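Have a look at the structure below, then the notes.
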Amino acid sequence: MQCDRFGQSLSPYVDDALPSDERNAVQHHLFECAACRARLDALRAVKHAIARLPSSEEPPGAVRARVESLRFEPPGCRAWRGTAVAAAAALALVVALSLMRGRDGAVQLAEDLVVDHLHSVPEVKPAEVASSDRAEVARFFVDHLPFDPVVPELPGTKLLGARLCQLKGRRVELLFYHRENRTLSMFVTDRPVADAGCWATRGHHVCSRSQAGLTMLLVGELSADELRRLLSESSF
Amino acid sequence: MNREEFAALAMAHLGEVSAYARRLARTWSDADDLVQMTYERAFSRWRSLRDPRACRAWLFTIARRIHIDQERSVAARPDLHLVQDGAPLGQHPFVAAEAVERLEARALKAALQRLPADQREAVLLCDLWGFKYEEIAEITSCPLGTVQSRIARGRGALVAMLADEGASCGKGRGR
C-alpha cells in the first residue's frame with residue numbers, strides 16, 4: 001500500500017520537484033523499500049539515458065543563413081518567407097539579382113525599396129539610432145557594414161536617424177530624412193544594384209546615384225526631379 | 001539587453017530549437033520552416049523578452065505556438081491526446097537500472113517514438129533539454145500538474161518498454 005502511495009511521487013522526486021515535506025516522506029519510504037529504490041533507479045537511468053541523446057541539431061545551411069540574416073534585418077525591412085527550399089533558392093537568386101541592372105531588375109528593386117520604406121520609416125518603427133548628428137549616425141554603423149559607413153548630407157532636409165537593413169542579402173545603411181512633412185528613406189550600399197535613374201511605384205519615386213563606389217537610393221513621395229536634385233546636391 | 005545582445009543569445013540556441021522543431025514537425029522541411037518562422041517572430045518581438053535567462057524557453061514556446069497554429073490551420077491535429085491524463089498510472093515494471101544503461105540510443109529513440117506525443121514532448125523537454133516543470137508548463141500551455149503527470153506517465157511507459165526490450169534480449173528480469 002505504501003508503494004501505491006509513493007509510486008506517483010518517484011518521477012517528480014527524480015526531478016527534485018516535490019515539496020519538501022513530500023520529498024522527506026518519499027525519502028523515508030525509500031529507506032525502507034527496496035522495490036521502490038529499484039524503480040527509482042530505473043527512472044533515473046531512463047532520465048540519464050535521454051539526457052545523453054543529442055539535444056542540438058544543426059539546421060541546413062540555408063536555414064542558418066536566413067536566420068543569421070535576421071540579426072541585421074530590422075522589423076520594418078523586407079522579411080523573407082516561404083519554405084526552406086525556397087530559402088535556398090532565394091540565396092541563389094540573390095546572387096543573380098545583384099547582377100541584374102536592366103529595366104525589369106530596377107523596377108523590382110524600386111518596388112522592394114518602396115515597400116521597405118513604407119514599413120521602416122520612424123513613424124512606423126523607431127529608428128535604431130535616432131539622431132540628427134551625422135557623425136553619431138555614422139558611428140552606429142561602424143563594424144556592422146561590409147564598407148566604411150557614410151551619412152550624406154541632403155540640402156533642405158533634416159536627418160532623423162537610421163537603421164541597418166538587408167538589400168539583396170547584403171547589409172546596407174537605411175537613413176531617414178525629413179523634408180516638407182515627409183520622410184525620405186535613403187539606402188546606401190557598396191554594390192552597383194541599379195543604374196542611375198528614377199522609377200515610380202506605389203505613389204513614390206525611387207532615384208539612384210552612384211558616387212565613390214557606393215550606390216545611394218533615395219525613396220519618397222517627392223517628385224522624381226526633386227529626389228534627383230537632392231541626390232545630385234548631396235555630399236559626404 | 002539590446003538587439004545585438006538578444007541576437008547573440010537567440011543564435012546560441014539555434015541548434016536546440018532546430019532539434020525541437022524536428023520533434024514537432026511532420027517533415028524535416030516543415031521543421032526548417034518552423035525554425036525560420038520562430039526566429040522571425042522572435043526577432044520581431046525580442047523587446048517582450050524581459051529576462052534574458054528565459055530566452056531558450058521563450059524560443060521553444062514560440063516554436064510550439066507556431067506549430068500548433070499551423071496544425072490548427074490545416075485542421076489536422078497531431079496525436080497529442082492518445083492517453084487521457086486521468087488514466088491510472090500503474091506501477092512501473094521492475095527493470096534493473098543497469099539494463100537501461102546498456103540499452104543503445106537507437107532502442108531508446110524507438111521507445112520514445114512509441115510514447116503518446118504529449119508524454120514524449122514533456123519527457124524530452126524535461127530530460128533532453130533540461131527544462132524545469134514550470135518552464136515546460138509555459139512552453140506547452142499546460143497546468144503544472146498535467147506536466148508532472150505526463151512526465152511520470154511517459155517515464156513509466158519507457159521503463160515498461162525498456163523492460164520488454166531487455167527481456168527480449170535475455171538481459172532483463174521481467175516480473
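The values are calculated or read from the model by the stated rules, or taken from the named source; none is laboratory data. Only a predicted model underlies this, so the values are computations on that prediction, with no experimental measurement involved. Note: ideal-geometry Cβ built from the backbone for every residue, glycine included; neighbour counts use all protein chains shown.
Mind telling me which of the residues A:ASP143, A:ASP195 ends up being of a type in the set (Asp, Glu) and in contact with a helix residue (DSSP H, G or I) (Cβ under 9 Å, 6 or more places away or on another chain)?
Details: A:ASP143 fails: in contact with a helix residue (DSSP H, G or I) (Cβ under 9 Å, 6 or more places away or on another chain).
Result of the check over A:ASP143, A:ASP195: A:ASP195.
Within the span defined as region A:176-191, one or more residues are within 21 Å of A:VAL129 (Cα to Cα) and of a type in the set (Gly, Ala, Ser).
Just a yes or no: is a residue in region B:37-44 crowded, with 18+ Cβ neighbours inside 10 Å and more than 14 Å from B:LEU14 (Cβ to Cβ)? No, that holds for no residue. When the test is whether a residue is surrounded by fewer than 17 Cβ atoms within 10 Å (Cβ to Cβ) and under 16 Å from A:LEU109 (Cβ atoms), A:ALA200 passes it.
Look at (1) without any contact (Cβ under 8 Å) to a residue 40 or more places away in the chain; (2) not in a loop (DSSP other than H, G, I, E, B) and you find that A:THR183 fails only one, number (1). Scanning region B:7-55 for residues that are acidic (Asp, Glu), more than 19 Å from A:LEU53 (Cα to Cα) and facing another protein chain (nearest Cβ under 7 Å) yields B:ASP32, B:ASP33, B:GLU40. Kindly check whether there is at least one residue in region A:120-128 that is part of a helix (DSSP H, G or I), away from every other protein chain (no Cβ under 14 Å), within 19 Å of the chain's Cα centre (by Cα) and modelled with pLDDT of 75 or more. Checked region A:120-128: no residue is part of a helix (DSSP H, G or I), away from every other protein chain (no Cβ under 14 Å), within 19 Å of the chain's Cα centre (by Cα) and modelled with pLDDT of 75 or more. Per the conditions (1) touching a Phe, Trp or Tyr at 6+ places or on another chain (Cβ under 9 Å); (2) under 23 Å from B:ARG3 (Cβ atoms); (3) surrounded by fewer than 24 Cβ atoms within 10 Å (Cβ to Cβ), the sole criterion not satisfied by A:ALA162 is (3). Total residues in region A:5-15 satisfying the condition of being more than 7 Å from every other protein chain (Cβ to nearest Cβ) and either under 16 Å from B:ALA160 (Cα atoms) or not polar (S, T, N, Q) (or both): the figure is 5.
For region B:78-175, which fully contained helices (runs of 4 or more DSSP H) count at least 1 residues that are polar (S, T, N, Q) and modelled with pLDDT of 90 or more? Don't jump to the end; show me each part of the working.
Values: elements: B:97-102, B:105-114, B:117-123, B:133-140, B:144-168.
Fully inside region B:78-175 and qualifying: B:117-123, B:133-140, B:144-168.
Tell me, which residue of region A:16-42 that is within 11 Å of another protein chain (Cβ to nearest Cβ) and in contact (Cβ under 8 Å) with a residue 24 or more places away in the chain is farthest from B:ALA152 (Cα to Cα)? Per the criteria, the residue is A:ALA35.
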